[in-house]
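The values are calculated or read from the model by the stated rules, or taken from the named source; none is laboratory data. Here the structure is a predicted model, which is why all the values come from computation and not from measurement. No Cβ is skipped: glycine too gets one built from the backbone with ideal geometry, and neighbour counts run over all protein chains shown.
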Amino acid sequence: MTRTVRVPDPSFELMDDHEGHSLIYRQHGFPSPLVRWHFHKEYELHLIVASSGKVFIGDYIGNFSPDSLFLTGPNLPHNWISQVEEGEHFATRDMLVNFTDEVLDRGTAVFSELKGLAPLLEHAQFGIEFRDPRCIREARGLLQKIADSQGIARLGHFFILLELLAASEDYQLLSGSVAAQLADEHHVERINRAVDYIFQRYAQELSQEEVAHYLGMTPTYFSRVFKQATGRGFVEFVNRLRVSKSCELLSKSDMPVTEICFESGFSNISNFNRRFLQLKGVTPSDYRKLVVQRLTEQNLY
């Protein structure tokens, strides 16, 4: 049996521990107070070290596992929710670096070489997942060097890391909506509670009215606030979460497609196939074949 740990009272995250430094390095385990739906003015380069679960970045819903590497832009809401066994804890789940536009803007004025990072930072406003295993391995090593160093040495490793990521051609842009459309401090606490509630129940029959009642809101008001904050209507959000779960099962199990349909929360196979094709562009069976092909190609290197 798995469970989702919800941490209450999420909000805009004010990072007041820069202490004159150009970047912040942090690592934390799971559960942790830092695991919540939130946004902040800093970019965040985020490596998952342990556990698997669901990632929410802007209006994107996907899966993460160890060695998943993401970059989010300023004020783009995000959260990583691990699926863990009862009582299971991870001492270190995440390694991450936060940095601001101000640091890079000022640096570019002095060091023209930093202009080459502009496309990477532009893409970060939508959220990026890096896919190249070799790139991710190198990035993990550089994050460890950042963790183990201070001063100019730490800054040097950081810029080498950004250069590595800027050169990567194997990545996926995630959110269809940018931060300006989604970041709303007033509603983020309620949306975190809603996302957590949905995450625990999406594999069951679940209605917008039920979630609105849980939050103490009218269905109409909840619908408007939820879409504004997540970029998706309630039904679409739940369907994307269910398709994301089905992708996980197709990739990591030998379960029949029909069984995966119901395990993911869909009530009939035709609706499952239609939603999956709509969101992924291929059928569930073809998706499984593509996953096998990709893994085979990765093992060749």
**helices (runs of 4 or more DSSP H) wholly inside the stretch 189-295 that include at least 1 residues being of a type in the set (Gly, Ala, Ser)** = 208-215, 219-230, 234-252, 269-280
**Message:** Condition first: crowded, with 18+ Cβ neighbours inside 10 Å and on the phi > 0 side of the Ramachandran plot. Can you find one or more residues in the stretch 252-269 that meet it?
**Reply:** yes
**Item:** Any hit, the stretch 166-173, residues being in a strand (DSSP E or B), out of contact with any Lys or Arg (no Cβ under 9 Å at 6 or more places or on another chain) and surrounded by fewer than 19 Cβ atoms within 10 Å (Cβ to Cβ)
**Value:** yes
**Message:** Taking the criterion of being hydroxyl-bearing (Ser, Thr, Tyr) and touching a strand residue (DSSP E or B) at 6+ places or on another chain (Cβ under 7 Å), would at least one residue in the stretch 105-116 satisfy it?
**Reply:** no
**Prompt:** in the same structural domain as His46 (by TED's automatic domain parsing), within 30 Å of Thr296 (Cα to Cα) and either more than 21 Å from the chain's Cα centre (by Cα) or small (Gly, Ala, Ser) (or both): does that describe Ala139?
**Reply:** yes
**Request:** Please tell me if Val55 is aliphatic (A, V, I, L, M), in a strand (DSSP E or B) and over 20 Å from Ala147 (Cα atoms).
**Result:** yes
**Item:** Residues being surrounded by fewer than 16 Cβ atoms within 10 Å (Cβ to Cβ) and touching a Lys or Arg at 6+ places or on another chain (Cβ under 6 Å) - total across the stretch 193-238
**Value:** 1
**Prompt:** Here are some residues: Arg232, Arg224. Which one is of a type in the set (D, E, K, R), modelled with pLDDT under 95 and within 15 Å of Lys54 (Cβ to Cβ)?
**Reply:** Arg232
